[in-house]
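Here's the structure, in structure tokens; my notes come after.
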Amino acid sequence: MMSNLFSVFDPSSSIFNLSLNWLSTFIGLLMIPSMYWFMPSRYHIIWNNILTTLHKEFKVLLGNPNQKGMTLIFVSLFSLILFNNFMGLFPYIFTSTSHLTLTLMLALPLWLAFMIYGWLNHTQHMFAHLVPQGTPGVLMPFMVCIETISNVIRPGTLAVRLTANMIAGHLLMTLLGNTGPSLSSMIIIVLLIVQMLLLILESAVAIIQSYVFAVLSTLYSSEVI
């Protein structure tokens, strides 16, 4: 029995006190081996087209042709989050992206690496970002404070956005599913239709949130390059 509403997101499976739920993060790897077949499958062709499109878009967002290989980081980030979001839609599979433990682990090191690189290599550029162009002299101290705060909370907003969106849909589906046994047959049919529509919506959210996370990370990195 659930101790509280959010206990459905708790890691509960364990052996020798080691939480096995986090192994669900690697289930996405099972979707990859088809790209190593001798004859490319349709899945391989579709996935290659998606990655190529993302590569071109991230390259435009970065805006610096000298930074080769940077898009690989964000395409990999998109793939990892997308796989985890989708795996969480299957029954009895732990949704790792609904925990700040994973999302902060993705957002914080990226942001920290960008900041260290920017302040060490482009110090004047980073100082210029603290004061938007055309700011009156009187407002400059306030703008520096505001820009600094908005910069510091970026990894937190990235992590919380992804976590909150993953929790919201799963929580709604859990709440509706728990009311099923106490309903009549006609209402259960309506409930099943609503659950299927919610599942389609959650599939769209899984794609959109992974894309948003990767794009925002790209935009943050483009400011320091």
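Couple of notes before you dig in:
- Stokes-Einstein translational diffusion, the range 5-222 - Kirkwood Rh over all Cα pairs, 0.890 mPa s, 25 °C, in µm²/s: 122
- Model label sites at residue 133 and residue 174, defined 7 Å from Cα along the beta-carbon direction, differ in position by 4.9 nm.
- Using the Cβ-Cβ distance between residue 73 and residue 204 with R0 set to 30 Å, the FRET efficiency works out to roughly 0.75.
- What the phi angles of the range 109-115 give under the Karplus curve with 6.51, -1.76 and 1.60, with θ = phi - 60°, is a coupling list of x, 4, 4, 5, 5, 4, 5 Hz, glycine and proline written as x.
- Residues listed by number, the range 196-225, amide nitrogen under 11 Å from residue 64 label point at 7 Å toward C-beta: 221-225
Every number in this text was worked out from the coordinates using simple rules, so none of it is lab data. Source: prediction; values computed, not measured. Positions of Cβ are backbone-derived with ideal geometry, glycine not excepted, and every protein chain shown enters the neighbour counts.
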